[in-house]
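Before we start, here is the structure in question, set down as structure tokens.
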Amino acid sequence: LEAVAPLVESSSPTLVRALLEGVRRFPSKRMVDLLTRRMRMGPHPIRLLVLESLEAIGTPDVLAPVLDALSHTNIHVRMRASQVITNLGAAGKLEIAQCVLWLLRSPDVNLRRVAVELARYGV
């Protein structure tokens, strides 16, 4: 992690893409924190790759960054985050009820709509 962390913050998209695909194999809280930091840095294509990596990790630690991505300004990031939650819930890796409750507490009406959709389809 100490060797990879500075490289993930690189400006080279090819290097970052390769590293993000590699960190999927190490499902730890520290990796999730590293991915969360990279998602905040951007740009949007990297954010989408981070969401893919979080989905591949699939531990309960990924819930917070994926739920944060649901409130992002870019529609593609929000849609991909919604897909990640749906896929992880369908695979039984996340507790959908916990996601719904967290989303319903949000002041953002769009997040509450996502909660209703998750609850409606009972993923």
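Probe of 1.4 angstrom, ligands and nucleic acids ignored: what's the accessible area per residue over the chain, in square angstrom?
56 Å²
Right, another one. So what does log10 I(q)/I(0) come out to for the stretch 20-93 at q = 0.17, 0.19, 0.23, 0.27 Å⁻¹, using the Debye formula with one equal point on every Cα and no solvent?
Each listed q corresponds, in turn, to -0.52, -0.65, -0.98, -1.36.
Okay, next question. Using a 7 Å offset from the Cα along the Cα-to-Cβ direction at both residue 75 and residue 120, what is the distance between the two label points in nm, to one decimal?
Using points 7 Å along Cα→Cβ, the separation is 1.8 nm.
Given contacts defined as C-alpha pairs under 8 Å and at least six residues apart, what's the relative contact order of the stretch 13-81, whole-number percent?
Details: 57 pairs, mean separation 21.2, N = 69.
Relative CO of the stretch 13-81 lands at 31 percent.
Okay, moving on. State, to one decimal in nm, how far the label point of residue 29 lies from the label point of residue 90, with both points 7 Å from Cα in the Cβ direction.
Calculated label separation equals 3.1 nm.
Which percent of the accessible area of the chain is formed by carbon and sulfur heavy atoms (probe 1.4 angstrom)? Mind showing how you got there, number by number?
On the way: 3860 of 6850 Å².
Taking all protein chains in place, the chain shows 56 percent carbon and sulfur surface.
Continuing with the same structure: Pop a pseudo-label 7 angstrom from the Cα along the beta-carbon direction at both residue 41 and residue 106 and give the gap in nm to one decimal.
My value for the distance between the label points is 2.5 nm.
Calculate, in nm to one decimal, what residue 18 and residue 56 gain on full extension: separation in residues at 0.36 nm each, minus their alpha carbon distance.
Values: separation 38, 0.36 × 38 = 13.68 nm, distance 1.45 nm.
So the chain would gain 12.2 nm between residue 18 and residue 56.
The values are calculated or read from the model by the stated rules, or taken from the named source; none is laboratory data. Note that the coordinates shown come from a computational prediction; the quantities given were computed from them, not determined experimentally. Because the Cβ atoms are built from the backbone with ideal geometry, glycine has one as well, and the counts that use them run over all protein chains shown. Note: accessible area is taken over every heavy atom of the protein model, side chains too, but ligands, DNA and RNA are not part of it. Shrake-Rupley method; radii C 1.70, N 1.55, O 1.52, S 1.80 Å.
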